[in-house]
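The values are calculated or read from the model by the stated rules, or taken from the named source; none is laboratory data. All values reported here derive from a predicted model rather than from experimental measurement. Here the Cβ positions follow ideal geometry from the backbone for every residue, glycine too, while neighbour counts run over all protein chains shown.
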Amino acid sequence: MKKSFIALTGASGIVYGFGIMKAMQQSGYEIHITATDEAILNAQAETGLEYTDTKDMLEKNKISDCIVYDINDSGAAVASGSFKVDNYIIAPASMGFIGRVANGVSSNLAERCADVAIKERRPLVILFREMPLSNIHLENLLKLNKSGVITMPAAPGFYHKPENINDLINFVSGKVLDILNIENNCFKRWKS
Ligand SMILES: Cc1cc2nc3c(=O)[nH]c(=O)nc-3n(C[C@H](O)[C@H](O)[C@H](O)COP(=O)(O)O)c2cc1C
């Protein structure tokens, strides 16, 4: 079974992370997941629910069958480059996370896994959300992009005529799967 590592960090847009996880599972991926404390706090604000930890957050958002890691579990299997992962997705990615990874700082499992993906030349998607972007944000994103990281803004299109929030989430999820070359029908394509 193909493996995807997904990390949720403290940018706004936790629903993008949930949408991507569900789409990846539908495409047959085994999901390895961690979330920062800020991601859980933001998720509470955005969904209006209380979560005790990452597992609880996933259960309450109807996401099951994942391998869940504590964000501080630096000895987790997935923290090593010798553990084979097909792709890594950080969604949503905070500018703090991006700044640390762009500068080689791995202070938690999400940052360590991004560092592993870069050094092992494995596909890494960073779905960021911030506005406006400062020079520092842009320089960090460029640095990552130059290192082979796929940097994507959490910016849904509107040409597929979205009718609700799920249509927006599915558009962004589909674009993430597309760039990783994973078959999906998350959104209606232009002129199809
Ligand atoms: C309500 C709220 C919304 C936030 N939204 C964003 C955001 O959209 N983008 C971002 O880069 N940071 C955002 N932040 C700031 C990050 O959560 C903060 O930088 C945090 O330290 C990131 O931690 P992490 O990278 O460990 O998850 C937000 C913070 C709060 C409280």
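Remarks
- Of everything in the range 92-112 that is among the hydrophobic types (A, V, I, L, M, F, W, C) and part of a helix (DSSP H, G or I), the residue that is farthest from VAL15 (Cα to Cα) is ALA102.
- Selection within the range 140-173 - more than 23 Å from ASN87 (Cβ to Cβ) and of a type outside the set (A, V, I, L, M): PHE158, TYR159, HIS160, LYS161, PRO162, GLU163, ASN164, ASN166, ASP167
- Boolean, ASN42 is more than 16 Å from the ligand (Cβ to nearest atom), modelled with pLDDT of 95 or more and not hydroxyl-bearing (Ser, Thr, Tyr): no
- Of the residues in the range 154-170, at least one is surrounded by 13 or more Cβ atoms within 10 Å (Cβ to Cβ) and touching a strand residue (DSSP E or B) at 6+ places or on another chain (Cβ under 8 Å).
- Just one of the listed residues (ALA91, ALA110, ALA117, ALA76) is touching a Gly at 6+ places or on another chain (Cβ under 6 Å), surrounded by 15 or more Cβ atoms within 10 Å (Cβ to Cβ), among the small types (Gly, Ala, Ser) and at pLDDT 95 or above, namely ALA91.
- For the range 126-147, the criterion of being closer than 19 Å to LYS3 by Cα and part of a loop (DSSP other than H, G, I, E, B) is satisfied by no residue at all.
- So GLY19, is it surrounded by 23 or more Cβ atoms within 10 Å (Cβ to Cβ), touching a residue at least 40 places away in the same chain (Cβ under 8 Å) and within 27 Å of SER107 (Cα to Cα): yes
- In the set (1) among the aliphatic types (A, V, I, L, M); (2) buried (at least 17 other Cβ atoms within 10 Å of the Cβ); (3) without any contact (Cβ under 8 Å) to a residue 24 or more places away in the chain, ALA102 fails one condition alone, (3).
- Screening the range 15-30 for residues that are touching a strand residue (DSSP E or B) at 6+ places or on another chain (Cβ under 6 Å) and of a type in the set (A, V, I, L, M) and picking the one that is farthest from the ligand (Cβ to nearest atom) gives MET24.
- Counting residues in the range 119-141 that are more than 13 Å from the chain's Cα centre (by Cα), away from the ligand (no atom under 16 Å from the Cβ) and closer than 19 Å to SER27 by Cβ gives one or more.
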